[in-house]
1. Output the qualifying pairs, or none if there are none: Cβ atoms under 7 angstrom, residues six or more apart or on different chains, first residue in the range 98-121 and closer than 15 Å to Asp136 by Cβ, second residue polar (S, T, N, Q) and not in a loop (DSSP other than H, G, I, E, B).
2. Please verify whether Leu120 is at pLDDT 95 or above, among the aliphatic types (A, V, I, L, M), under 24 Å from Gly17 (Cα atoms) and surrounded by 14 or more Cβ atoms within 10 Å (Cβ to Cβ), treating the condition exactly as stated.
3. Checking Gly158 against (1) exposed (fewer than 13 other Cβ atoms within 10 Å of the Cβ); (2) more than 20 Å from Thr7 (Cα to Cα); (3) modelled with pLDDT under 95: exactly one of these is not met. Which one?
4. Check Ala48, Ala22, Ala15 and return the single one that is in contact with a helix residue (DSSP H, G or I) (Cβ under 9 Å, 6 or more places away or on another chain) and buried (at least 21 other Cβ atoms within 10 Å of the Cβ).
5. Can you find a residue that is assigned to a loop (DSSP other than H, G, I, E, B) and at pLDDT 95 or above anywhere in the range 70-90?
6. Give the residues of the range 134-183 that are among the polar types (S, T, N, Q) and either under 24 Å from Lys11 (Cβ atoms) or over 15 Å from the mean Cα position of the chain (by Cα) (or both), sorted by residue number.
7. Give the residue that is farthest from Lys19 (Cα to Cα), with candidates limited to residues of the range 161-183 that are modelled with pLDDT of 95 or more and among the aliphatic types (A, V, I, L, M).
8. Return the only residue of Asp104, Asp96 being modelled with pLDDT of 95 or more, assigned to a loop (DSSP other than H, G, I, E, B) and either closer than 24 Å to Glu33 by Cα or out of contact with any Lys or Arg (no Cβ under 6 Å at 6 or more places or on another chain) (or both).
Amino acid sequence: MPPNERTLLTKAQMAEGVKALAQSICAANPGAENIGLVGIYTRGVPMAKRIAAEIEKLGGVKVFVGTIDITQYRDDLNTFQMVPKLEGSDISFDIDGITVVLCDEVVFTGRSVRAALDELLNFGRPKRVQLAALVDRCGRELPVQPDFSALKVTLAPGERVAVRFEEVDGHDSCTVQTQAPTR
């Protein structure tokens, strides 16, 4: 691990966090019926799939899973050196009248969640929208709070949470990266 990086969650702790998120979602939505999980690209997608698998183990109920691409709804595209690849959203189930749980690996400023809500509402009108995050990083710019999180952290300026999933990155890890000071 590079010297400017430290472990926040091990692979085993990430798995336990996903399991705890599934349990919390089931507790808040008895029977886990009429819920759909929607992962925010990129790393919210494998997280949503893992949570769905855990919910199915817990309750024996099939959970709808979709994906949402927020690229066109971001308010910071002009700050990117390279525009992110458009993945496209794929919600192949009817969200009208059901509980949708948006899944993202880290909630920090709240801006990604705002963008996800804008895109989600193009697909219909859910009964309610809940938010699940593996890591809830303090420092909101918008009044957005996760309903479910596995870990809550406060970091110093210049630090960022980096979550990696095997499905996307080839390995599971959750680290804090410290940017080198600029002179």
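The values are calculated or read from the model by the stated rules, or taken from the named source; none is laboratory data. If you're wondering where the values come from, they're calculated on a predicted model, not measured in any experiment. A quick note on method: Cβ atoms are made from the backbone with ideal geometry, for glycine too, and the neighbour counts reach across all protein chains shown.
1. Pairs that qualify, where the first residue is closer than 15 Å to Asp136 by Cβ and the partner is polar (S, T, N, Q) and not in a loop (DSSP other than H, G, I, E, B), are Val101/Gln130; Asp104/Ser112.
2. Here the answer is no, as Leu120 does not meet what is asked.
3. All conditions pass for Gly158, except number (2).
4. Ala22
5. No.
6. The answer is Ser149, Thr154, Ser173, Thr175, Gln177, Thr178, Gln179, Thr182.
7. The residue in question is Val176.
8. Asp96
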